[in-house]
Amino acid sequence: MNEHLLGVLEKAGKPGEVVQLGNGSELLLLPHGGRILGLFAAGDAANFYWTNPHLEDAASARAYFESDEWQNPGGDRTWLAPEIDFFFPKYPDIAVYHQPRQFDARSYEVTKNGLRTEFEIKHAKHAAPLKLRLSKTVEAVANPLRLEAGELRDVTFAGYGLHTVLEFGSVPAGPVGIWHLIQMPHGGDMLVPTYGAARPKIVFGEIPPDDLAPRPAGLRYRMTAPGEQKLSLRAISCTGRAAYLYEKAGAWHLVARNFFVNPSGDYVDAPWTEPDDLGYCVQACNINGKWGLFSELEYHVPAIGTPGAGARCEDFAQVWAWRGTREQVGRIAREILGFDQ
């Protein structure tokens, strides 16, 4: 565990919770905003996730948390979809973007190996605020390559399972969907296997053509451009895995998410200017601007509150993370994603 980061949060008045998992991994939960701020391998202080530079010392962290600006500590967080219904208070005018503080800046209740909260939030399509409950619980998961050749078993591994429940606390009125995002150090590559050729949809920004490398069964997205860009892939083509590859401090890292895709479900997030273009499941967001310097691996869960969807949903996903040489991590990427880098 990174004791320095833990101490900074304590001194800044936003203490973290350490969860030690049976597989040796350690997680740093941040009740403020309900985030998994850190993922650490056993006995290792190096975080697989990006954290905001404001958290490097107590004084800057305290000033950041006390400010009126949107607070983005980093790590693995949960938001709500559709983005256009919760983040644009004047939609279809997209000039004003406002991250909902009702659940992103509140203090979550700490539970056994998890966090939960109840909140009210305004939905663009409903006059009355929606009442919702969100709970997140982590558990140990085994290294999926533990039975493979020795050179892969010896690579540093950390991982966890995340069980998320979203439910209405009042009369269901949607749509509302779980939207998970992991923030990682900027400058790496997003690797997404797909059924058939990848057909990415640009949500916002301009992605340089050379940064996109479509494959016969996947997409490689180099996330290095200045500014802010985002792309989406439809659920019908997503396999349920996506990973982010990056180099830091002389080592190579691969952070992968393994999740369930239901193409028959209601994936309700849409491009900002095309609200009826639905069905997107996996997203990659490149941020190199006013919000910081990080890359996001994102996925969505079918919404509740739609006809036939019910008032409650559960999602289970796994995070697997490895650190090693370029050759080792490259082989792991081939093993778990099914195509070469």
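Just so it is clear, none of the values below were taken in a lab; they were calculated from the coordinates. Given the structure is predicted, the values throughout are model-derived calculations rather than measurements. For neighbour counting, all protein chains shown are included, and Cβ atoms are generated from backbone atoms with ideal geometry for every residue, glycine included.
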In this structure, the FRET efficiency calculated for residue 109 and residue 197 from their beta-carbon separation, with R0 = 56 Å, to the nearest 0.05, is 0.80
Sites residue 60 and residue 339, calculated FRET efficiency, Cβ-Cβ separation with R0 25 Å, nearest 0.05: 0.05
FRET efficiency for residue 93 and residue 67, Cβ-Cβ distance as r, R0 = 30 Å, nearest 0.05? 0.70
Label residue 277 and residue 236 with points 7 Å out from Cα along Cα→Cβ: what is the distance between them in nm? 1.5
Would you calculate the convex hull of the Cα atoms in segment 37-120 and tell me its volume per residue in Å³? 141
Packing-based order for 206-213, 299-306, 81-88, using average beta carbon neighbours within 10 Å, highest first: 299-306, 81-88, 206-213
Grab the chain and count how many Lys pairs have their alpha-carbon atoms under 19 Å apart, sequence gap of 8 or more, or different chains. 8
Starting from the Cα of residue 225, step 7 Å along the direction of its Cβ; do the same at residue 327; then give the gap between the two resulting points in nm. 3.5
The chain: relative contact order as a whole-number percent, Cα under 8 Å and 6+ apart: 17
Kirkwood Rh and Cα-based Rg: tell me the resulting Rg over Rh for segment 3-337, rounded to two decimals. 0.94
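Would you calculate a helix-derived [θ] at 222 nm for the chain, using -39,500 (n - 2.57) for each DSSP H run of n ≥ 4 and dividing by the full residue count, to the nearest 500?
Calculated at 222 nm, the ellipticity per residue is -3000 deg cm²/dmol.
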